[in-house]
Amino acid sequence: MAESTSFLFTNTVRTLSTVVRERGYNVPAFKGPPSLGEHSRTLRRNRDGSMTISVVFRGRAWLSTLSDIVEGFVVANSDLNIATQLRDLLWSVIEERELSKVEGGGISPPYHSLNSAA
């Protein structure tokens, strides 16, 4: 039986957050889905300077969701000098821990194109 998308999303965010925090980067809060239904990802800067990233993770390709998670971390750290380094770190963790693999070969019904607010 395939894992639920909620579990995959939560597990991936937790795993990547631990690695990012250990390396001294900022860790945004993640939730889903965005309240703006026409977007697959939204970003909100909170009053305390932290960020909340909302991502659609049901009914779309898992790699698209992973990409939105990675970009959420990059935007939350908003330093163009480290963006490539942080992206490389996150994708290497995804690869090493096989976070891109979805049991059962896929997730949910086909993804309908949404726009990103970021």
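The values are calculated or read from the model by the stated rules, or taken from the named source; none is laboratory data. Quantities reported herein were computed from a predicted structural model and do not represent experimental measurements. Neighbour counts run over all protein chains shown; Cβ positions are idealised from the backbone, glycine included.
Given the conditions (1) hydroxyl-bearing (S, T, Y); (2) modelled with pLDDT of 90 or more; (3) surrounded by 11 or more Cβ atoms within 10 Å (Cβ to Cβ); (4) more than 17 Å from F9 (Cα to Cα), and given that T84 satisfies all but one, which numbered condition is not satisfied?
Exception for T84: condition (3).
For residues that are surrounded by 13 or more Cβ atoms within 10 Å (Cβ to Cβ) and not hydrophobic (A, V, I, L, M, F, W, C), tally how many sit in segment 6-49.
Matching residues across segment 6-49 total 18.
Please enumerate the residues belonging to segment 48-91 that are acidic (D, E) and in contact (Cβ under 8 Å) with a residue 24 or more places away in the chain. Even if it seems obvious, please write down each step before you answer.
Within segment 48-91, the first condition is being acidic (D, E), and the residues that meet it are 48, 68, 71, 79, 88.
Once the filter is applied, which keeps residues that are acidic (D, E) and in contact (Cβ under 8 Å) with a residue 24 or more places away in the chain, segment 48-91 yields D68, E71.
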